[in-house]
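Step one of this worksheet: look at the structure below.
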Amino acid sequence: MAIDPLLAAYYQRTAAHFAGAPAPVTAPERRARFEAVAALSQLPDPQGMTVTELAVPLAGRTLAARLFRPADVAQPRLIVYFHGGGWVVGSPATHHTVAALLASDTGCAVASVDYRLAPEFPFPAPCDDATDAVEWFAAQRQALGFAPDFLAVAGDSAGGHLAAQAAASVNAAARADVVKAQLLIYPVAAPVLTTESYRAFGDGVGLTREEMHWFWTQFAGEAVLTRGAENDDARLYLMASAPSRQPPASVVLVAANDVLRDDGLAYADFLVRHDAPVITIEASGMTHGFARLQPDAPRAREWMRRAAEAFRSIADDV
């Protein structure tokens, strides 16, 4: 499927912008490049949006979170958000516009969590951070001025993976639907790099198979890829066990031109097979990372609005 022309133009501009610069190799170098790339696609916050920094005290560490509150909502529902970046790069700063627009589009508050990154903090540290942060926000939501009867998670790419495994872990531990909904944007779902979408788009723009291989090895080691679908830890392979405590409702958004397209579709099918309600959206013309590129392509912005509308519809029903 053809890539949206404005997205294709974005990739051409970005390549020209960094032409001649050495290719980043190490994790710190890749973080710096990602920050520079992300800075090219930022918008002013929506009118009336309040943005504050928050400390999340957890056992043995404190995480930062960036909190977005939409205008004119006295006691908003809360979404706990996890940024993408292969568990290695990215931050609430690189995904600031994504979180701000999500808050505006859904009418929910969004807490974007700055979880620890691999390889300095490999698996299970990012998963533990996500799970513990969701539990903390669940306990503090009323004190923070949020609706006490609703909590959701969201995330893009590796952040979608962290959001999904955190929701399942928190709900299973509580034996209740603490997390009532999830919005997963082109999520990583499996340490399997042999799907049709990997074959079709493995050398394309947005995210390559080689990059995803590197991210997985930094996060969880080469052995996790060797085992592939035989991994039995649902924190790594989201379809490893029956979803006994998934959120009551999910929205899964995938990009049609993305190595992770089949990850998201497989996870959505997994939920359906286990009677977990899900809305699946395949964004035509889009590539991996299009949620960050809403300032660069109107179609990217429209797909994110559609996902937010779907999320609002399921949130009203749970």
Looking at the stretch 52-74, which of the residues that are among the hydrophobic types (A, V, I, L, M, F, W, C) and in contact with a helix residue (DSSP H, G or I) (Cβ under 8 Å, 6 or more places away or on another chain) is surrounded by the fewest Cβ atoms within 10 Å (Cβ to Cβ)?
Ala59
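Please find, within the stretch 244-261, the residue that is modelled with the lowest pLDDT out of those that are within 25 Å of Glu302 (Cα to Cα) and of a type in the set (Gly, Ala, Ser).
Of all residues in the stretch 244-261, those within 25 Å of Glu302 (Cα to Cα) come to 249-261.
From the residues that got through so far, the ones that are of a type in the set (Gly, Ala, Ser) too are 249-250, 255-256.
On the way: Ala249: 94, Ser250: 97, Ala255: 98, Ala256: 98.
Filtering the stretch 244-261 for residues that are within 25 Å of Glu302 (Cα to Cα) and of a type in the set (Gly, Ala, Ser), the one modelled with the lowest pLDDT comes out as Ala249.
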Taking interchain pairs and intrachain pairs at least six residues apart, which have beta carbon atoms under 7 angstrom, with the first residue in the stretch 108-127 and charged (D, E, K, R) and the second modelled with pLDDT of 95 or more?
Asp114/Leu63; Asp114/Ala64; Asp114/Ala65; Asp114/Ser91; Asp114/Pro92; Arg116/Ala125; Arg116/Pro126; Arg116/Asp129
Hey, among Val179, Val205, which residue is touching a strand residue (DSSP E or B) at 6+ places or on another chain (Cβ under 9 Å), β-branched (Val, Ile, Thr) and within 22 Å of Arg66 (Cα to Cα)?
Val179
Collect the residues in the stretch 271-286 that are over 11 Å from Tyr186 (Cα atoms), surrounded by 19 or more Cβ atoms within 10 Å (Cβ to Cβ) and in contact (Cβ under 8 Å) with a residue 60 or more places away in the chain, keeping them in residue-number order.
Gly285
Cβ-Cβ under 8 Å pairs, at least 6 apart or on other chains, the stretch 291-311 side under 14 Å from Gln42 (Cβ atoms) and in contact (Cβ under 8 Å) with a residue 12 or more places away in the chain, far side of a type in the set (A, V, I, L, M) and assigned to a loop (DSSP other than H, G, I, E, B):
Gln294/Leu43; Pro295/Leu43
Somewhere in the stretch 29-47, is a residue more than 20 Å from Leu293 (Cα to Cα), loosely packed, with under 12 Cβ neighbours inside 10 Å and out of contact with any Phe, Trp or Tyr (no Cβ under 9 Å at 6 or more places or on another chain)?
no
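Name the helices (runs of 4 or more DSSP H) wholly inside the stretch 146-243 in which the number of residues that are at pLDDT below 95 and either touching a Gly at 6+ places or on another chain (Cβ under 7 Å) or within 17 Å of Ala276 (Cβ to Cβ) (or both) is 1 or more.
Numbers: elements: 158-174, 196-201, 209-220, 222-227.
Hits in the stretch 146-243: 158-174.
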Being surrounded by 24 or more Cβ atoms within 10 Å (Cβ to Cβ) and either of a type in the set (Lys, Arg) or in contact (Cβ under 8 Å) with a residue 60 or more places away in the chain (or both) is the filter here, so list the residues in the stretch 94-105 that pass it.
His95, Val98, Leu102
Extreme residue, nearest to Asp4 (Cα to Cα), among residues of the stretch 217-259 that are crowded, with 24+ Cβ neighbours inside 10 Å and touching a His at 6+ places or on another chain (Cβ under 6 Å):
Ala255
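The values are calculated or read from the model by the stated rules, or taken from the named source; none is laboratory data. What you see is a predicted model, and the numbers here were worked out from it, not measured in a lab. Reconstructed Cβ throughout: ideal geometry from the backbone, glycine too, with neighbour counts over all protein chains shown.
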